[in-house]
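Worksheet: one structure, shown below.
What follows is calculated from the coordinates using simple rules that are stated; it is not laboratory data. Please read all numbers here as calculations on a predicted model, not as lab measurements. So basically every Cβ, Gly included, is an ideal-geometry build from the backbone, and we count neighbours across all protein chains shown.
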Amino acid sequence: AKSAGRSAFRVFAPEMAEEAQRRTEMEIDLRGAAQAGQLWLAFQPKVDLDRDTITGCEALLRWDHPKHGPISPVDFIPIAEDSGLILPIGEWALETACRQGRAWLDAGLPPVSIAVNISAAQLFQRDPVAWVAGTLERTGFPADLLELELTESQLAQDVETAIDVFRQLRGLGIRLAIDDFGTGYSSLEYLRRFDVTSLKIDRSFVDGMLAEPGDAAIVRAAIALAHSFGLSAIAEGVETEAHRRCLRELRCDQIQGYLVSRPVPADEFATLLLRR
Ligand code: C2E
Ligand code: CA
Ligand code: CA
Ligand code: CA
């Protein structure tokens, strides 16, 4: 077994070195990306199922690399998190989302909430509440239209601090969502202890709910749980009319997914908003 391990190491070592170099290069490029104007936010609508109207959107980071083209956040967010770059990039994202929201309001568009994804390092930085409050003040974006999305695994890094920060953030009047709900292990405890306003049901369950009874059961239970805690339930990854019909029957509050729209640039989102 020992020699197998050694030969396996020899086989994989070059790939690991390549991967490490790729990450280092990406980190260097990412460092200047915001300044160079290579980062932008895409906005994906959230639709209220009863009223069939767009009530909000999620802001999603996009990186157009000058040499490699578009790079997915699935690839660069982990690198930003490991390198600490998530702090300046996350600041840029929140500030940009709030400015955009203010601009839409000033243009007379119907008010919609904007959700921004937050990483653990941002939640546990020195004064996350002052940062969020300062951004709202600088941009003039109303607190009650801002929502922050955090995953259970991010909260798990320091539950007591997270609970405290959540309480203070809620005090500002903003909304808080638990993202990718159902993929962690402490969902029930979190619902009891965290002051949140909505649950986002992970798209893996939505994806499987029409074929897999287990996934359907999780979606149904998550919606019921959200409601029994007085929270709004939102399903992500809604791709088909059949998904929508099923979620409506289950009394889900909101949907988000390719069925309504892919994440789009700000001007396209404004067009969607005016059309509906
Ligand atoms: P997430 O927060 O779970 O975001 C939802 C992801 O699902 C987005 O991927 C979105 O484009 C995708 N999606 C939406 N509707 C559908 C659908 O109907 N079908 C399928 N298959 N996918 C759908 P995206 O934009 O690639 O973002 C991936 C992840 O990157 C996000 O997952 C989030 O964890 C992270 N991320 C994106 N922007 C930020 C940011 O500003 N800050 C932080 N910390 N993380 C971010
Ligand atoms: Ca999210
Ligand atoms: Ca999610
Ligand atoms: Ca996800």
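Here Thr24, Thr139 are placed in order of increasing Cβ neighbour count within 10 Å, fewest first, which gives Thr24, Thr139. Seen from Asp195, the other residues with C-beta closer than 12 Å to its C-beta sum to a net charge of +4, counting Lys and Arg as +1 and Asp and Glu as -1.
Which length gain, in nm to one decimal place, applies between His68 and Glu19 when the Cα-Cα distance is subtracted from 0.36 nm times their residue separation?
16.1 nm
Phi angles across the stretch 120-126 convert, under the Karplus curve 6.51 cos²θ - 1.76 cosθ + 1.60 with θ = phi - 60°, into 3J(HN,Hα) values of 3, 4, 6, 5, 9, 6, 3 Hz, Gly and Pro given as x. Where both partners of a DSSP beta bridge lie in the chain, what percent of those bridges are antiparallel, to the nearest 5? Restricted to the chain, the bridges split so that about 40 percent are antiparallel. Shown for Tyr185, Tyr258, Tyr190: other C-beta atoms within 10 Å of each C-beta, ranked fewest to most, produce the order Tyr185, Tyr258, Tyr190.
Note on the stretch 168-206 and the stretch 26-83: Cα centroid distance 21 Å, given to the nearest whole angstrom. A dipole drawn for the chain from +1 and -1 charges on Cβ atoms has a positive end, and of Gln21, Pro111, His68 the residue lying farthest that way is Pro111.
GNM on the chain, alpha-carbon springs under 10 angstrom: the most fluctuating residue among Ala216, Ala107, Ala143 is Ala107.
Restricting the calculation to alpha carbons of the stretch 152-276 gives Rg and Dmax of 15.5, 44 angstrom.
Which whole number in µm²/s is D for the chain by Stokes-Einstein, with the Kirkwood Rh taken over Cα pairs at 4 °C and 1.567 mPa s? Walk me through the intermediate numbers first.
Numbers: Rh = 20.0 Å.
In µm²/s, the coefficient rounds to 65.
Along the positive direction of the dipole of the stretch 148-225 (beta-carbon charges: Lys, Arg +1; Asp, Glu -1; about the Cα centre), which of Ile174, Ser204, Phe194 reaches farthest? The Cα lying farthest towards the positive end belongs to Ile174. Highest mobility in the GNM of the chain, judged by mean-square fluctuation with C-alpha springs under 10 Å and restricted to Ile86, Ile255, Ile218, is found for Ile218.
Taking the number of Cβ atoms within 10 Å of each Cβ as an exposure proxy, the fewest-first ranking of Asp64, Asp52, Asp180 is Asp52, Asp64, Asp180.
Scaled against 2.2 N^0.38 Å for its residue count N, the alpha carbon radius of gyration of the stretch 61-167 is 1.14.
If you look at the Cα atoms of the stretch 85-238, you get an Rg and a Dmax of 16.0, 48 Å.
Please figure out what share of the DSSP beta bridges in the stretch 48-160 is antiparallel and state it in percent, rounded to the nearest 5. Display every interim value, and only then the final one.
Values: 4 of 12 bridges.
Rounded to the nearest five, the antiparallel share is 35 percent.
For the stretch 120-196, a/c is not less than 1.5, where a ≥ b ≥ c are the root eigenvalues of the C-alpha gyration tensor, and a/b tops b/c. That puts it in the prolate class.
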